[in-house]
Amino acid sequence: MTATVGRLRAVGCVFAEDEARLLLSAARTPDELEAMTSRRVAGEPLEVILGWAEFCGLRVAVEPGVFVPRQRTAYLVEQAVALTRPGAVVVDLCCGTGAIGATIAARVPGVELYAADIEPAAVRCARRNLEPLGGRTFAGDLYDALPGELRGRVDVLLVNAPYVPTDDIAMMPPEARDHEPLVALDGGPDGVGVHRRVAEDASRWLAPGGHLLIETGEQQATLTAAAVSAHGLRPRVATSEELYCTVVIGTLPALVAPGPDDARA
């Protein structure tokens, strides 16, 4: 193990001991350990090498070419669970591996779970993670992927869309920049391009009183909230300094029952 730790440290792996332990436990032979370590030294994400990621207490399948779930996104899950009732209709949009939807399904009983992504590899991976939980996964661009019968029925809409400004992609760690799809990283010139598209149609898909939750960057939070507000949702911003995560939560106003005066009008 010492040699593996040394190789990982030499290339800047901050948690070299933990990574070495995981590689040793996954490798069935010394040759396999060598191959896996070499892949990690070359910059490939550890989760892709192992074939799984730990996320919110779950082991989530990860495939090459798929966005690896970040630990900070546990804060988005925490916010979503607080708003999700048993039996709710939940959509994990831009789902990647489906880790967010899988965690909600594991924590809230009886949810009706749907997920969608534009990347074929992500759709394939999400199906592996969500079908055992009763979830359904679709391929397509944002809402175009969803079944039409969901329109106006979604109680909780979860979105971990890209929010890195285009010019900042080059500064990302190589394991993300070189091994994850650009469509899962690039949020456009100001990082909020996809968020605006999500907000534009959210009210058509949310049920009255439903919630849209978008993970965003600290620098993008004001712009994300403005996009949500511009399309009829009441926004609020929640931030975790511990996890370095910001979530914009937009709520569609509930329908108000007509009063006696309205009935006589």
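The values are calculated or read from the model by the stated rules, or taken from the named source; none is laboratory data. Being a predicted model, the structure only gives us computed values, none of them experimental. Here the Cβ is made from the backbone with ideal geometry for all residues, glycine too, and neighbour counts use every protein chain on show. Ligands, DNA and RNA are excluded from the accessible area calculation, which covers all protein heavy atoms including side chains. Shrake-Rupley method; radii C 1.70, N 1.55, O 1.52, S 1.80 Å.
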Over the Cα atoms of region 114-265, how large are the radius of gyration and the largest Cα-Cα distance (Dmax), in Å?
17.5, 66
Post the alpha-carbon centroid distance, region 177-219 to region 93-157, in whole angstrom.
15
Determine the dipole magnitude for the chain: charges of +1 sit on the beta-carbon of Lys and Arg, -1 on that of Asp and Glu, nothing else is charged, the reference point is the Cα centre, and the result goes in debye to the nearest 20.
580
Could you give the longest part of the chain that holds none of the trypsin sites (Lys or Arg not before Pro) found in DSSP loops with at most 16 neighbouring Cβ atoms within 10 Å?
29-150
Would you kindly state how much longer the chain becomes between Tyr244 and Ala106 on full extension, computed as 0.36 nm times their sequence separation minus their alpha carbon distance, in nm to one decimal?
47.3 nm
Using alpha carbons only: equivalent-ellipsoid semi-axes of region 1-154, gyration tensor based, whole Å
34, 16, 12
So, with a 1.4 angstrom probe, what is the percent of accessible area on the chain that is carbon and sulfur?
54
Percent of beta bridges antiparallel (DSSP, region 52-184, rounded to nearest 5):
25
Provide Rg over Rh for region 1-73; use the alpha carbon set for both Rg and the Kirkwood Rh (inverse mean inverse pair distance).
0.95
Between the modelled labels at Ile118 and Ile169 (7 Å from Cα along Cα→Cβ) the distance in nm is 1.1
Please name which of Thr239, Thr2, Pro147 has its Cα lying farthest along the dipole of the chain towards the positive end, using unit charges on Cβ (Lys, Arg +1; Asp, Glu -1) and the Cα centre as origin.
Pro147
Run the quick spin-label model on Asp144 and Asp190: label points 7 Å from Cα toward the beta carbon, then report their separation in nm to one decimal.
2.5
So how long is each side of region 79-178 along the principal axes, counting just the alpha-carbon atoms, biggest first, in Å?
42, 27, 26
Sites Arg153 and Asp178 - FRET efficiency at Förster radius 35 Å, r taken between beta-carbons, to 0.05
0.30
Can you bin every Cα-Cα distance in the chain into 5 Å intervals starting at zero and give me the percent of pairs per bin, rounded to whole numbers?
1, 6, 12, 16, 18, 16, 11, 8, 5, 3, 2, 1, 0, 0, 0, 0, 0
For region 139-265, what is the charge dipole size about the Cα centre, in debye to the nearest 20, if Lys and Arg each add +1 at the Cβ and Asp and Glu each add -1 at the Cβ?
660
What length, rounded to one decimal in nm, is gained on full extension from Met1 through to Ala82, with 0.36 nm per residue of separation minus their alpha-carbon distance?
25.0 nm
If you plug each phi of region 18-24 into the Karplus form 6.51 cos²θ - 1.76 cosθ + 1.60 with θ = phi - 60°, what whole-Hz ³J(HN,Hα) values come out, in order, with x for Gly and Pro?
5, 5, 4, 4, 5, 5, 5
